[in-house]
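Here the structure comes first, spelled out in structure tokens, and everything after it is commentary.
Only the coordinates and a few stated rules stand behind these numbers; no lab work does. Quantities reported herein were computed from a predicted structural model and do not represent experimental measurements. When we count neighbours, we look across all protein chains shown, and the Cβ atoms used for this are built from the backbone with ideal geometry, even at glycine.
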Amino acid sequence: MNHTYKVLKSDIERFTAALSQVRVYVVQSLGEDLIDIVDYGGAVEKFSPESVKISGKYYMRGQFEFRVSM
């Protein structure tokens, strides 16, 4: 299955996602080409230099990747 997505890397990308209320999902890398979708998420509610709040839960920016479907 081929799935197109965009990784939210910068604060402006997270801010844009928050304003547009797009569904953001949370992914954790398990190694080479393996990932675990931690949460199918929702809209970005809040973010700081350390974390991102999605659907009432906080995720550490250094441990997770935040993606939106294209």
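In this simple spin-label approximation, THR16 and SER48 carry label points 7 Å from Cα along the Cα→Cβ vector, and these lie 2.6 nm apart.
Legend: calculated FRET efficiency, VAL7 to SER55, from the Cβ-Cβ distance at R0 = 25 Å, rounded to 0.05, equals 0.85.
Only helices enter this figure: runs of n ≥ 4 DSSP H residues, each worth -39500 (n - 2.57), summed and divided by the residues of the chain, yield -4000 deg cm²/dmol at 222 nm to the nearest 500. Using the average count of surrounding beta-carbon atoms within 10 Å as a protection proxy, the listed peptides 8-14, 52-58, 28-34 rank, highest first, as 52-58, 8-14, 28-34. Using only alpha carbons, the stretch 5-69 has a radius of gyration to Kirkwood radius ratio (Rg to Rh) of 0.93. On a 0 to 90 degree scale, rounded to 10, what angle separates helix 11-20 from the longest Cα axis of the chain? Between helix and principal axis, roughly 80 degrees.
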